[in-house]
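Colleague: I'd like to ask you about the structure that follows.
The values are calculated or read from the model by the stated rules, or taken from the named source; none is laboratory data. No experiment lies behind these values; they were computed from the predicted model shown. So basically every Cβ, Gly included, is an ideal-geometry build from the backbone, and we count neighbours across all protein chains shown. SASA here: full protein model, heavy atoms, side chains in, ligands and nucleic acids out. Shrake-Rupley method; radii C 1.70, N 1.55, O 1.52, S 1.80 Å.
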Amino acid sequence: MDLNIILSNLETGNEEEIETLLREFNRENCRTFTFDQKEEDKRKKLCAGLVRVLERDGSPCCQTACLEALRILSRDKRVLGPVATQEGMLVLARRGCLREAPDTPHERVAVEALKCLCNVVFNSQEAQQVSADIRLAAGLCAQLRTSAACGLSHEVSLFSLRLLFLLSALRTDVRALLQHELKAVDLLVEILEHTLSIKWAGKYEAAMDPDPKPLPLEENERAMEALKALFNLTLCDTREEDGAHQLRLITAIMRHLLMIKTQTEDKTEEAHSHAINLLSNIPVSCLDVLINVQSQGGLEEYNGKNMDVIQVLLDFMEKRIDKGSNYKEGLTPVLSLLTESSRHHREIRKYIKSQVLPPLKDVKNRPEVGTTVRNKLVRLMTHVDTGVKQSAAEFLFVLCKESVDNLLKYTGYGNAAGLLAARGLLAGGRGEGQYSDEEDSDTEEYKSAKPFINPITGHVEEPMPNPIEEMTEEQKEYEAQKLVNMFDKLSRQQIIRPMGVRRDGTLAPLAEAVQQCSADSCSSDSD
């Protein structure tokens, strides 16, 4: 459609003509995300013209058409200059009922204005600055409080929460304003309670329906946006002494969310993922709320603690491992959460170990071979992504109470070498964590096979034929010299570098390690 026709009518035409032209433009470009660079100036003028039309008190139909067109144009970062001004942002804020809302606001207009604000704030740093200047966050909180009290429409609440998430993600000053002055954390907690229809059975225990219905998709959408905003607001400054009750309340709500399902499996997994991300921001001392609920047949060995949600987290972790992709964002958060929970809460660690590292019976197969959770995690210990590799290794190390001997029993030295080298534990020993003194009991199968287990591979190997048994002395000498020459060549080209272990268990060049060893030996000799 010729933009010149629209531009001329914005100045001289009536509302009906403007609405007709804009609806045609919107219909043609509803799926357009890449624009002709030659018409950039025309699109800028169109943005400015649409803002002027929106300043007037026109009909809701015309305003909706203008906002839809502006939302389409806001996909192009280069034309947002006329909108990302104080005047332009204030116009959108008024139409979105965030400032000086009309007596009878039109819902469709408000929704389209909020969608525009989301696009403009996301694509323009100038708009982000203006949003902070005009305290757009205060208007959002006021509207969301009205929504929680009066039940505004799903879309108004959804896009208000989405805009709140964007502002809290993109502006640290707005985040601080939301945290302290606007009390947005309390607001979002209230919204989650209302959206998830939580009824409290105890101080930090949500009542569970014996026959729960799936969470409707609209409620799930609003909850996800609230969780993302709450994640930003708890990213820093989550000191327990400043808000222990609030943090424990959030933990209890996340437990409830992890225990329910939505209409689809994918949406349930998405909800659980956001809940796990948020729990990662909560101090570990508050995570006892996850298991301190009324236990239905609680297992005695875990002191009657309810481990239902821990099992949900383990199932989520295994499902993410089985996906085989996007480990960095999809798997490491849940691994980190389970690791820290295990490190600081004995009952959680004991339960997880019983599920992930049960008493060892299979000593014939390599630790990384098989379909158990242990096998899958051990395979991750040699993953190409350093973050994934470290997360998996740290998780298993904590389950073994940071004992090198226990870790090697379940993983083999080869798989654990990276962690041990990074921790300076190649010579054995323990990490710095504080754990109880009870000993792990070994199975009879492991005890009988232990002397025959290869410590490097972590399993019993079939005896290999000795390749030099049938060689003559001359052949043995030839092969030995050949091997020496190969090592010498690799060393000279610095493809390999001889290494040794210092007294503190860390790796060092061989010459340095030998020198330290010699110095220690000399200093210990008596006269």
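Colleague: Sort out which residues of the range 395-415 are part of a helix (DSSP H, G or I) and closer than 21 Å to Pro333 by Cα, and write them in order of number.
Modeller: Phe395, Leu396, Phe397, Val398, Leu399
Colleague: Turning to a different aspect of this structure: Identify the single condition in (1) open to solvent by 30 Å² or more (accessible area, probe 1.4 Å); (2) touching a Cys at 6+ places or on another chain (Cβ under 8 Å); (3) part of a helix (DSSP H, G or I) that Gln143 does not satisfy, given that it satisfies every other one.
Modeller: Of the numbered conditions (1) open to solvent by 30 Å² or more (accessible area, probe 1.4 Å); (2) touching a Cys at 6+ places or on another chain (Cβ under 8 Å); (3) part of a helix (DSSP H, G or I), the odd one out for Gln143 is (1).
Colleague: Something else now. What's the number of the only condition in (1) surrounded by 13 or more Cβ atoms within 10 Å (Cβ to Cβ); (2) at pLDDT 85 or above; (3) within 29 Å of the chain's Cα centre (by Cα) that Gly414 fails to meet?
Modeller: The failed condition is (3).
Colleague: Would you be able to tell me the number of residues in the range 417-461 that are modelled with pLDDT under 75 and among the small types (Gly, Ala, Ser)?
Modeller: Matching residues across the range 417-461 total 9.
Colleague: Here's another thing I want to ask about it. For the range 275-294, which positions are under 18 Å from Tyr351 (Cα atoms), open to solvent by 30 Å² or more (accessible area, probe 1.4 Å) and not in a helix (DSSP H, G or I)?
Modeller: Listed by number, the residues that qualify are Asn292, Gln294.
Colleague: When Arg379 is evaluated against the numbered criteria (1) assigned to a helix (DSSP H, G or I); (2) in contact with a Gly (Cβ under 8 Å, 6 or more places away or on another chain); (3) surrounded by fewer than 18 Cβ atoms within 10 Å (Cβ to Cβ), which criterion, by number, is the only one it fails?
Modeller: That leaves (2) as the condition not met.
Colleague: So which of Lys45, Lys115 is touching a Phe, Trp or Tyr at 6+ places or on another chain (Cβ under 7 Å), part of a helix (DSSP H, G or I) and open to solvent by 10 Å² or more (accessible area, probe 1.4 Å)?
Modeller: Residue meeting the stated conditions: Lys115.
Here is a yes/no grid of residues against (1) under 24 Å from Ile291 (Cα atoms); (2) open to solvent by less than 10 Å² (accessible area, probe 1.4 Å):
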| residue | (1), (2) |
| --- | --- |
| Glu181 | no, no |
| Ala207 | yes, no |
| Thr234 | yes, yes |
| Glu269 | yes, no |
| Ser273 | yes, no |
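Colleague: While we're on this one: Identify the residue in the range 323-365 that is over 15 Å from Leu313 (Cβ atoms) and among the aliphatic types (A, V, I, L, M) and, among all such residues, is modelled with the lowest pLDDT.
Modeller: Per the stated criteria, the residue is Val363.
Colleague: With the condition kept exactly as written, say whether any residue in the range 129-139 is open to solvent by 40 Å² or more (accessible area, probe 1.4 Å), assigned to a helix (DSSP H, G or I), among the hydrophobic types (A, V, I, L, M, F, W, C) and within 18 Å of Leu233 (Cβ to Cβ).
Modeller: No, the range 129-139 contains no residue that is open to solvent by 40 Å² or more (accessible area, probe 1.4 Å), assigned to a helix (DSSP H, G or I), among the hydrophobic types (A, V, I, L, M, F, W, C) and within 18 Å of Leu233 (Cβ to Cβ).
Colleague: Quick one: Arg175 ticks every box in (1) in a loop (DSSP other than H, G, I, E, B); (2) surrounded by 17 or more Cβ atoms within 10 Å (Cβ to Cβ) bar one, so which box is it?
Modeller: Answer for Arg175: the failing condition is (1).
Colleague: Which one of the conditions (1) out of contact with any Lys or Arg (no Cβ under 6 Å at 6 or more places or on another chain); (2) in a helix (DSSP H, G or I) does Ser342 fail to meet, given that it meets all the rest?
Modeller: (1)
Colleague: Name the residues in the range 149-164 that are surrounded by fewer than 17 Cβ atoms within 10 Å (Cβ to Cβ) and either under 27 Å from the mean Cα position of the chain (by Cα) or aliphatic (A, V, I, L, M) (or both), would you?
Modeller: Ala149, His154
The rows are residues; the columns are (1) within 22 Å of Glu432 (Cα to Cα); (2) β-branched (Val, Ile, Thr).
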site: Ser354; (1), (2): no, no
site: Lys361; (1), (2): no, no
site: Arg366; (1), (2): no, no
site: Thr371; (1), (2): no, yes
site: Leu377; (1), (2): no, no
site: Met381; (1), (2): yes, no
site: Val384; (1), (2): no, yes
site: Ala393; (1), (2): yes, no
site: Ser403; (1), (2): yes, no
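Colleague: Continuing with this model, one more query. List the residue pairs whose Cβ atoms are under 7 Å apart, where the first residue sits in the range 408-428 and is under 18 Å from Gly500 (Cβ atoms), the second is surrounded by fewer than 21 Cβ atoms within 10 Å (Cβ to Cβ) and acidic (Asp, Glu), and the two are 6 or more positions apart or on different chains.
Modeller: Every condition considered, the pairs that remain are Gly424/Asp504; Gly428/Asp405.
Colleague: Exactly one of (1) aromatic (Phe, Trp, Tyr); (2) over 30 Å from Lys350 (Cα atoms); (3) at pLDDT below 80 is unmet by Phe487. Its number?
Modeller: In the conditions (1) aromatic (Phe, Trp, Tyr); (2) over 30 Å from Lys350 (Cα atoms); (3) at pLDDT below 80, Phe487 misses (3) alone.
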